[in-house]
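Beneath this line is the structure, given in structure tokens, with notes to follow.
The values are calculated or read from the model by the stated rules, or taken from the named source; none is laboratory data. None of these values were measured; they are calculated from a predicted model. Because the Cβ atoms are built from the backbone with ideal geometry, glycine has one as well, and the counts that use them run over all protein chains shown. In case anyone asks, the SASA skips ligands and DNA or RNA and just uses the protein heavy atoms, side chains included. Shrake-Rupley method; radii C 1.70, N 1.55, O 1.52, S 1.80 Å.
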Amino acid sequence: SDHMENIYGYLMKYTNLVTGWQYRFFVLNNDAGLLEYFVNEQSRHLKPRGTLQLAGAVISPSDEDSHTFTVNAASGEQYKLRATDAKERQHWVSRLQICTQHHTEAIGKNNPPLKSRSFSLASQGSANSPGAQRRPSQNAVSFFNVGHHRLPAGKRVPIMQPDHLVDVREMMSQAEGQQRDLIRSIECLPASGHLTSLDQDLLMLKATSMATMNCLNDCFHILQLQHASQQKGSLPAGTTISWLEPKISLANHFKNGAAQNFPAEINKPASVREEQSIAEPCQLTREPEEINPDEELEDICDDKEDDLGAVEEQRSVILHLLSQLKLGMDLTRVVLPTFILEKRSLLEMYADFMSHPDLFVAITNGGSAEERMIRFVEYYLTSFHEGRKGAIAKKPYNPIIGETFHCSWRMPKSDVATDAATNSSAHSLSEQVTLPKDPEGQAEPDYYTVKFVAEQVSHHPPVSGFYAECVERKMCVNAHVWTKSKFLGMSIGVTMVGEGVLHLLEHGEEYTFSLPCAYARSILTVPWVELGGKVNINCAKTGYSASINFHTKPFYGGKLHRVTGEVKQNMTNTVVCRVQGEWNSVLEFTYSNGETKYVDLTKLSVTRKRVRPLEKQGPFESRRLWQHVTESLRDGDIDKATEHKRALEERQRNEERLRAETETPWCTKYFLKDGDGWVYHKPLWKTVSAAQTQQTDSN
């Protein structure tokens, strides 16, 4: 090939969390099918610092940015690399892919398919095999047979025609059924004895069979896309494309929350049919819905996640999951078992971080810029304790794209901390800018209302947007979060990529903040949550900033859940407040005047959120969307919960595939793309600005 040329040059290579990115000199050896790297170009004549075999490797451009890509070798080793720009990345990726394809095909030609053979997992091998030596008593067991077949000599594989894809789909459906039967057979084995469900070979078989089916499904999807593009390019204008799989008509598909009954689906529970039959979101009315807080009722749901029973009973499933994972593996696309799920969506978890709305509203009452920053830090650090439900580390539902969650809080005005110096200035400013009043002219309520809305704006990568506002106090917060999870051995790490901004409109101040990383530790025993990392809070107008460190527990000694931080005036570099303690227990605030304040998070009053009843919620609101999964988890019926969860996820995949094939962009409902972030479509700062303009014009 003309493109089979040796290339070389400097790339940045990610080493580890400590070392980070380092420049290394890389050489693509096309003849040997190797990617080698050296410390620098001068050491090229020495032994390479590292070498990857490219045969069977996967070269993947990263979705993090336009410069990064990964090389995943068949051995499991991975290089994460970064070029200087998008053009250089494309150059390396294309050359690496050509080399990889060439050497992978060469291996296939040099290693013809095995002759037709059949073997039994448990005992068809010889008595001298390691498996037979380790489990001699299994020789009488005939568990199942796996066949490998080759086409008769001289017979060539025919070129796949588009209309043959239907047959392929049927064969794959049969294979999926056989794979499910295999998994079920393994999981039905006893937990102890000579042949158990925890047998290492069986766990490996479960993992490889599942990986194989996932790979086949991905390949089939590529064939579908190629078929669709060929039809678009070759058929005359106006021709209707028939889908390869049966597609249910979207028209009148979901009316007034009631699922339609289809004969082909009659053997499925009605709730599963409903989950699969909600219309394509972009074809629903995507106009934002104004939620009336008066329709919301105080939430009586209290699902504490303190039950260890399911975790103990499903130990084999956890081991099976671990058998599929590699260190550093991205878990975004990994389907986790249902029993480790919390009974709420991730969108609702973000709402639960605001369970102390009195502290939130009190921020704007601070008499000085310094006090407002300290109040925000206090509110920020108290939010994580209530955001976690119970001591057990469980995972909230992954929101489906287009999913939303609405709620509000009400708190008596007398419960909100005020400041004498603030009241006069705040009220005078409030008199200058008044928002439109209720047309009915009702008396002003004696409570504040904080409204919250969240939406899943992207599926890959998984990005959530959320927004909260208190109109009476002219303050709001807007944030977007991309959750990136990775397997770390005996723990799972979740990085919260994104940014939030708190707007105090009475003072014209904006506070930008980030979120810490979260870790699920001891996932094989009693899983628990730990926060880690450094977060920053900044207010550019006032020059105040806060630096907060969430400390992970060291291997030996040390305290759990420790947090330290300080608030500074950047102009003078003066520390005005220090904080230390545990984010789920007691926090100690020490001020520059020597005073000390203790906050016991376990004794802080929690304001229950207000949520509309299920019958008044839309089909894509979190609680209604996941209601059957939640009910099954409450009843302890893991199989039924898994069935409902799978139906929702399958519907999401089908919709995503349909959008890709028809090149239809996703339409968000409440949030708009703004650069790298997402902003609520009608934020309070726009409303206040419009009110100011209107009053100015009238004067």
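One table, with the values for the structure above:
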read-out	value
Spin-label pair residue 570/residue 22, simplified geometry with 7 Å Cα→Cβ offset, distance in nm	3.3
Extended-chain gain in nm, criterion 0.36 nm per residue less alpha-carbon gap, residue 6 and residue 299	99.0 nm
Segment 7-108, accessible surface, carbon-and-sulfur percent (1.4 angstrom probe)	50
Heavy-atom accessible area per residue - segment 7-108, 1.4 Å, Å²	53
Accessible area of residue 486 in the full protein assembly, 1.4 Å probe (Å², nearest 10)	90
Contour minus Cα-Cα distance for residue 86 and residue 549 (0.36 nm per residue)	163.2 nm
Extension gain, residue 446 back to residue 674 (0.36 nm per residue minus Cα-Cα distance, nm)	78.4 nm
At R0 = 51 Å, FRET efficiency that the Cβ-Cβ distance of residue 43 and residue 653 yields, to 0.05	0.60
FRET efficiency estimate (nearest 0.05) - Cβ-Cβ, residue 667 to residue 171, R0 35 angstrom	0.45
Net +/- balance of residues flanking residue 52 in space, Cβ distance below 9 Å, scoring K and R +1, D and E -1	-2
Rounded to the nearest 20 debye, dipole of segment 525-585 from Cβ charges on Lys, Arg, Asp, Glu	120
Accessible solvent surface per residue of segment 591-633, calculated while the other protein chains remain in place, 1.4 angstrom probe, Å²	51
Separation in nanometres of the label points that stand 7 Å from Cα toward Cβ, at residue 74 and residue 211	1.3
Relative packing of 52-62, 288-298, which averages over residues the other C-beta atoms within 10 Å, highest first	52-62, 288-298
Order by protection proxy (mean Cβ within 10 Å, highest first), peptides 375-386, 504-515	375-386, 504-515
R0 of 56 Å, Cβ-Cβ distance residue 559-residue 194: FRET efficiency to nearest 0.05	0.75
Highest average packing first - 194-200, 541-547, 349-355, 670-676, Cβ atoms within 10 Å	349-355, 541-547, 194-200, 670-676
